[in-house]
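Below: the structure, in structure tokens.
Values in this text are rule-based calculations from the coordinates and carry no lab data. Since the structure is predicted, the reported quantities are computational estimates derived from the model, not experimental observations. Note that each Cβ is placed from the backbone with ideal geometry, even for glycine, and that neighbours are counted across all protein chains shown.
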Amino acid sequence: MACGSPPVMSDAEDRPLIAVFNGPNLNMLGLREPALYGTATLDDVEQLCAETGDRLGLAIDFRQTNGEGELVSWVQECRGRAAGIVLNPAGYTTTSVALMDALLATDLPAIEVHITNIHRREAFRAHSYVSRAAVGVICGLGIQGYALALEAMATLIGDETA
Ligand code: DHK
């Protein structure tokens, strides 16, 4: 269920819902510059998130879009419905004030993930609008960064509800 699916914002087992949203070109994982991004596909990332969510007692709403407006709308919809957001904003990291504003408007904890180490790449990749709305950032650890973000999120929302 990587692309274009309707929102799934509740869970039958009443587990906290974490949105895992992916921005442009991440649908090309596995094909795209494998020396940088690795050979795992977006379906592999979704499976990793599902397994990690099961282990942590979290429900996962995993999606990818190439559209900035769609990503902004998905983030807005999280307000009052999800417990947190894990986001790889991909190419919108460095450009999207709208995405930053949407994250701030949700009033939810957000964790930014990048598969590559954006600080070892072109200088323009290192500036992130999204970071201003994120509790923390994980980058450079490959797709394992998504699992680490979910573990951090479980701790964050656990602290909030404790
Ligand atoms: C993914 C992208 O598509 C790039 O635009 C970012 C990020 C890096 C990643 O490492 O996951 O610069």
Check: Taking the range 94-133 as the search range and keeping residues that are outside any helix (DSSP H, G or I), under 15 Å from the mean Cα position of the chain (by Cα) and of a type in the set (A, V, I, L, M), which one is farthest from the ligand (Cβ to nearest atom)?
Finding: Leu108
Notebook entry, point to check: Going through the range 120-134 one residue at a time, which ones are surrounded by 14 or more Cβ atoms within 10 Å (Cβ to Cβ) and either out of contact with any strand residue (DSSP E or B) (no Cβ under 6 Å at 6 or more places or on another chain) or within 15 Å of Thr95 (Cα to Cα) (or both)?
Noted result: Arg121, Arg125, Ala126, Ser128, Tyr129, Val130, Ser131, Ala133
Item checked: Check on Val137, assigned to a helix (DSSP H, G or I), more than 10 Å from the ligand (Cβ to nearest atom), surrounded by 15 or more Cβ atoms within 10 Å (Cβ to Cβ) and under 11 Å from the mean Cα position of the chain (by Cα) -> no
Note to self: What are the pairs with Cβ atoms under 6 angstrom where one residue, in the range 49-72, is touching a residue at least 24 places away in the same chain (Cβ under 8 Å) and the other, located anywhere, is of a type in the set (Gly, Ala, Ser) and part of a helix (DSSP H, G or I)? Sequence gap at least six, or different chains.
What the structure shows: Thr52/Ala147; Leu56/Ala154; Ile60/Ala50; Ile60/Gly53; Val72/Ala98; Val72/Ala102
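Out of Asp61, Asp107, report the one residue that is among the acidic types (Asp, Glu) and surrounded by fewer than 20 Cβ atoms within 10 Å (Cβ to Cβ). Let's see the steps before the verdict.
Working: Asp61 fails: surrounded by fewer than 20 Cβ atoms within 10 Å (Cβ to Cβ).
None of the others qualify; the one that does is Asp107.
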Note to self: For the range 11-49: of the residues being closer than 19 Å to Thr93 by Cβ and of a type in the set (A, V, I, L, M), which is surrounded by the fewest Cβ atoms within 10 Å (Cβ to Cβ)?
What the structure shows: Leu36
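Of the residues Val45, Val20, which is in contact with a Phe, Trp or Tyr (Cβ under 8 Å, 6 or more places away or on another chain) and either aromatic (Phe, Trp, Tyr) or part of a helix (DSSP H, G or I) (or both)?
Numbers: Val20 fails: either aromatic (Phe, Trp, Tyr) or part of a helix (DSSP H, G or I) (or both).
Selected residue: Val45, the only one of Val45, Val20 that is in contact with a Phe, Trp or Tyr (Cβ under 8 Å, 6 or more places away or on another chain) and either aromatic (Phe, Trp, Tyr) or part of a helix (DSSP H, G or I) (or both).
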